[in-house]
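Everything below concerns the one structure shown next.
The values are calculated or read from the model by the stated rules, or taken from the named source; none is laboratory data. Note that the structure is predicted; figures quoted are calculated from it, not measured. Positions of Cβ are backbone-derived with ideal geometry, glycine not excepted, and every protein chain shown enters the neighbour counts.
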Amino acid sequence: MSIRITGTGSYIPELIKKNNDFINRDFYTLEGESIETPADIVIDKFKAITGISERRYADDKLTASDLGAFAGNKALEDAKIDPETLDYIICAHNFGDVKHKTIQSDILPCLAARIKHLLKIKNPKCVAYDILFGCPGWVEGVVQAQAFIKAGMAKRCLVIGAETLSRVVDPFDRDSMIYADGAGAAVIEASEQEGGIIAHESASYTHDEVYHLFFGNSNDKSQDEDVRYIKMYGRKIYEFALNNVPTALKNCLDKSGFSINEVKKILIHQANEKMDEAIVKRFYRLYKTPVPDGIMPMTIHKFGNSSVATVPTLFDLIRKGVLKEQNLSKGDVIIFASVGAGMHINAIVYKY
């Protein structure tokens, strides 16, 4: 028996927010000092580092659970299964449902329960719960689904990553331009076909690294001090990722039994183009092998960083032929990988 992804779906919001839409922003440092550099120069430097030209924001009437339900429904249709036969719905997110122009996260009930309701699933034995694991949440959800199936506790799971980060960003912080909204989903099933999930690796670094990403006040210290926004120490995250993610990828690949030359694609969390490129370069350096062309597809340029949604969205778009010059063939070895708040790292080697 193998454990395979039998259906995928994604929801990419229609509202496009371009870099020039930030041109009139007043930016401040984390310490509250005004950034005197002209906004156009700040934006050009931002694009050079992150690769982001535009990002997507959800419609004002929608929440993360709505986006998750859209993606989940597409995955169920793609897998051609009856939703009532699901054993688990696992929803990865970080901030719950944040309604437009509000300051509170709503996770009562949990998003997975809301998504199950929106999908109109009646079966009470379909267990719905959330996972909070930073940006690697969707990948970790897949690891958990595999564990349930291996243990005989489930035959079929729906794993969703959904986020509306645009509602928890500080408009006076340059990092606000990184974040985006979206959702991705996958059906995980026991299968008689070969391949599927071959190996996985997960780790949590919480000693000195736990608050590299955190919830904090606006960079503009004149704003309401009771309102919090997503914040990060970008340089620390960059250094952490380069020092730890390549090794995690190598550990996972070595456990799988495949060689580095058999890897066809690395679907890595779309966090920052330069950082992702550096991670993959160091990973291949561990095997003393040059990085093959086209090994790391990217969507961050158009969609930004939607946290838990980036990896499943990327996978869905490739599977369905949406990304130009990117495709997967039966038997291809791919790696899912992510790093994020916690600090958490994970990876999965998957035979398509």
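A few comments on the model shown:
- Just one residue in the set Asp226, Asp220 is surrounded by 15 or more Cβ atoms within 10 Å (Cβ to Cβ), farther than 30 Å from Pro83 by Cβ and at pLDDT below 95; that residue is Asp220.
- Across the range 1-43, the number of residues qualifying as among the small types (Gly, Ala, Ser) and within 30 Å of Ala199 (Cα to Cα) comes to 4.
- Checked against (1) in contact with a Gly (Cβ under 8 Å, 6 or more places away or on another chain); (2) surrounded by fewer than 20 Cβ atoms within 10 Å (Cβ to Cβ), Ala71 passes all but condition (2).
- Identity of the residue in the range 1-29, aliphatic (A, V, I, L, M) and in contact with a strand residue (DSSP E or B) (Cβ under 7 Å, 6 or more places away or on another chain), that ends up surrounded by the most Cβ atoms within 10 Å (Cβ to Cβ): Ile5
- Search result, residues across the range 175-199 that are surrounded by 22 or more Cβ atoms within 10 Å (Cβ to Cβ) and either among the β-branched types (Val, Ile, Thr) or outside the structural domain of Ala162 (by TED's automatic domain parsing) (or both): Ile178, Val187, Ile188, Ile197
- Qualifying position, being in the same structural domain as Asp170 (by TED's automatic domain parsing) and under 19 Å from the mean Cα position of the chain (by Cα), among Glu31, Glu54: Glu54
- Evaluation of Phe215 against (1) at pLDDT below 95; (2) buried (at least 21 other Cβ atoms within 10 Å of the Cβ); (3) closer than 23 Å to Thr63 by Cβ (one fails), failing number: (2)
- Asp78 more than 29 Å from Ala203 (Cβ to Cβ), out of contact with any Asp or Glu (no Cβ under 8 Å at 6 or more places or on another chain), modelled with pLDDT of 95 or more and not in a loop (DSSP other than H, G, I, E, B): yes
- Positions within the range 100-139 being more than 22 Å from the chain's Cα centre (by Cα) and either assigned by TED's automatic domain parsing to the domain that holds Ala203 or among the β-branched types (Val, Ile, Thr) (or both), in sequence order: Thr102, Ile103, Ile121, Val127
- For the range 189-218, filtered to residues that are under 30 Å from Gly152 (Cβ atoms) and hydrophobic (A, V, I, L, M, F, W, C), the residue that is nearest to the chain's Cα centre (by Cα) is Ala203.
Each row is one residue, and each column tells you yes or no for (1) in a loop (DSSP other than H, G, I, E, B); (2) among the β-branched types (Val, Ile, Thr); (3) closer than 22 Å to Gly196 by Cα.
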residue	(1), (2), (3)
Asp59	yes, no, no
Gly68	no, no, no
Phe95	yes, no, no
Met153	yes, no, yes
